[in-house]
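Here's the structure we're looking at; comments come further down.
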Amino acid sequence: MTDTLTNPKSTARTADEEFTAFVEASATRLRRTAYLMCRDWHLAQDLTQQTFTKMYASWKRIRTSANLEGYSRRVLMNLVFDRSKRRSGSEIVLAELPDQPGRETAPELRLALVDALARMGVEDRAVLVLRHAEDHSVETVATILGVSVSVVKMRNARALARLREMLGDDF
Amino acid sequence: MNANLRDQFDRAVGDDPGADVGAMAAAAVVAGGRIRRRRRLTAVAGAATVVVMGLGVVAGVNFQTREPAEPAVTVPMGFSLAQDCNYRSEEKRATDVAIFGKTGITGRDRAAIRDALGADGRVKEMVYESNQEAYERFVGLWKDSPEFVKSVTPESLPESFRVRLKDAREFRSFRAEYAKMAGVQDIIGNVCPPSAPVGGIK
């Protein structure tokens, strides 16, 4: 063993530096993903901070993991799911959409993408965000969310159809 | 259509107000470090906290699926549980007891607790540690984590009365009585061998 490995002081410093570098590289994207999930920049900031805090707490265990990005998404999504379970969707107080908006929806009534996302189930929203905003493969999304590939495909198809319904045909 | 969708997502985050990522990292180090320490204490406590880890290995993703459960016994930051003691979350019996004082406990409340313990026939031994002493111990313990030490002041650590009881079976009534006293924050009971530090904490 080298001196560096046996000196706990320098090991600790390196791990902290590594962690800081990871946060600096990934914070902006993770915050944006959090925002797409919750439609609120303050809350997004909060959720991202909590994600990094949890990751730091387990940093020694996860720092060598093959996919820290995937891990961070998993922690973030779990926080989002927990939150929506606790609040049981009460944060979304928008009026219900008509059942069959489709073609009749006037352009001025079209919702912004984030508003449309907010009206979906949190699981469907997560699939859309991870798959299309973050560009992860179906397999990676499945791993992040801890569900099977076919569940991801099914939710993705359902969520895209719903999105098209809300945002219009040319979407 | 997917390309269009990606554009839309990019535009949707276009009003990002920005954030200080360096500050985020620093805050995570402080708060995450606190969680780590709490976990370490639990591990020492030998409480049956089994960490179930699943392994995701699809598409090169490889990470554990669950965060460890919350600790069964928590002691305030800056304290650790003595290694030889046996901690359970709901103790009926305890040889050793740690009574933590509230932040800003008054001199009168402190004296009342001290006098009560001094006159208590159930108490075999008693050791008192002030929050200043706790802080000095803490600084020595964490000298390798200066950012963490900076985040802590003597006021953020509690003072403690560490007690060894003559009879472990008296713990329940002992705790019930002292929990009612003014200035008491928390009481933790432990089953320790005579060789352990009084109170079962360090």
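General remarks:
- Every residue from the range A:20-36 that is more than 17 Å from A:Arg63 (Cβ to Cβ) and either outside any helix (DSSP H, G or I) or within 9 Å of chain B (Cβ to nearest Cβ) (or both): A:Thr28, A:Arg31, A:Arg32, A:Thr33, A:Tyr35, A:Leu36
Let's see how each residue does on (1) among the basic types (Lys, Arg); (2) loosely packed, with under 14 Cβ neighbours inside 10 Å; (3) out of contact with any helix residue (DSSP H, G or I) (no Cβ under 9 Å at 6 or more places or on another chain); (4) under 16 Å from B:Phe79 (Cβ atoms):
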site: B:Met126; (1), (2), (3), (4): no, no, no, no
site: B:Ala134; (1), (2), (3), (4): no, no, no, yes
site: B:Gly140; (1), (2), (3), (4): no, yes, yes, yes
site: B:Arg164; (1), (2), (3), (4): yes, no, yes, no
site: B:Asp167; (1), (2), (3), (4): no, yes, yes, no
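- The residue that is modelled with the lowest pLDDT, among those in the range B:84-102 that are part of a loop (DSSP other than H, G, I, E, B) and open to solvent by 40 Å² or more (accessible area, probe 1.4 Å), is B:Ser89.
- Elements of type helices (runs of 4 or more DSSP H) in the range A:64-159, at least 2 residues being touching a Gly at 6+ places or on another chain (Cβ under 9 Å) and modelled with pLDDT under 95: A:68-87, A:138-145
- Annotation note: of B:Ile113, B:Ile105, the sole residue that is buried (at least 17 other Cβ atoms within 10 Å of the Cβ), over 16 Å from the mean Cα position of the chain (by Cα) and modelled with pLDDT under 95 is B:Ile105.
- When residues of the range A:63-75 are limited to those that are more than 7 Å from every other protein chain (Cβ to nearest Cβ) and either among the aromatic types (Phe, Trp, Tyr) or over 21 Å from A:Val122 (Cα atoms) (or both), the one least open to solvent (accessible area, probe 1.4 Å): A:Leu68
- Candidates in the range A:160-171 are the residues that are in contact (Cβ under 8 Å) with a residue 60 or more places away in the chain and in a helix (DSSP H, G or I); of these, the one that is nearest to B:Gln8 (Cα to Cα) is A:Met166.
- When the range B:1-15 is filtered for residues that are of a type in the set (A, V, I, L, M, F, W, C), facing another protein chain (nearest Cβ under 7 Å) and either under 22 Å from B:Val149 (Cβ atoms) or surrounded by fewer than 12 Cβ atoms within 10 Å (Cβ to Cβ) (or both), nothing remains.
- In the range A:114-136, the residue that is farthest from A:Gly168 (Cα to Cα) out of those that are touching a Phe, Trp or Tyr at 6+ places or on another chain (Cβ under 7 Å) and open to solvent by 10 Å² or more (accessible area, probe 1.4 Å) is A:Val122.
Per-residue answers, yes or no, for (1) assigned to a helix (DSSP H, G or I); (2) out of contact with any Phe, Trp or Tyr (no Cβ under 7 Å at 6 or more places or on another chain); (3) within 19 Å of B:Glu133 (Cβ to Cβ); (4) at pLDDT 95 or above:
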site: B:Arg162; (1), (2), (3), (4): no, yes, yes, yes
site: B:Phe171; (1), (2), (3), (4): yes, yes, no, no
site: B:Tyr178; (1), (2), (3), (4): yes, yes, no, yes
site: B:Gln185; (1), (2), (3), (4): no, no, yes, no
site: B:Ser195; (1), (2), (3), (4): no, yes, no, no
site: B:Gly199; (1), (2), (3), (4): no, yes, yes, no
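- Scan of the range B:1-15 for residues that are part of a loop (DSSP other than H, G, I, E, B) and either under 15 Å from A:Tyr35 (Cβ atoms) or in contact (Cβ under 8 Å) with a residue 40 or more places away in the chain (or both), ordered by number: B:Val13, B:Gly14, B:Asp15
- Candidate set from the range A:37-62 (those that are touching a residue at least 24 places away in the same chain (Cβ under 8 Å) and open to solvent by less than 10 Å² (accessible area, probe 1.4 Å)); member that is nearest to the other protein chains (Cβ to nearest Cβ): A:Phe52
- Close pairs (6 angstrom Cβ cut-off, 6 or more residues apart or separate chains): without any contact (Cβ under 8 Å) to a residue 24 or more places away in the chain and within 7 Å of chain A (Cβ to nearest Cβ) in the range B:16-36, among the acidic types (Asp, Glu) and part of a helix (DSSP H, G or I) anywhere: B:Val21/A:Glu24
- The range A:137-159, subset in contact (Cβ under 8 Å) with a residue 24 or more places away in the chain and open to solvent by 20 Å² or more (accessible area, probe 1.4 Å), residue farthest from A:Asp115 (Cα to Cα): A:Gly146
The values are calculated or read from the model by the stated rules, or taken from the named source; none is laboratory data. The structure displayed is predicted, hence computed values, not measured ones. Positions of Cβ are backbone-derived with ideal geometry, glycine not excepted, and every protein chain shown enters the neighbour counts. These accessible areas exclude ligands, DNA and RNA; they are computed on the full protein's heavy atoms, side chains included. Shrake-Rupley method; radii C 1.70, N 1.55, O 1.52, S 1.80 Å.
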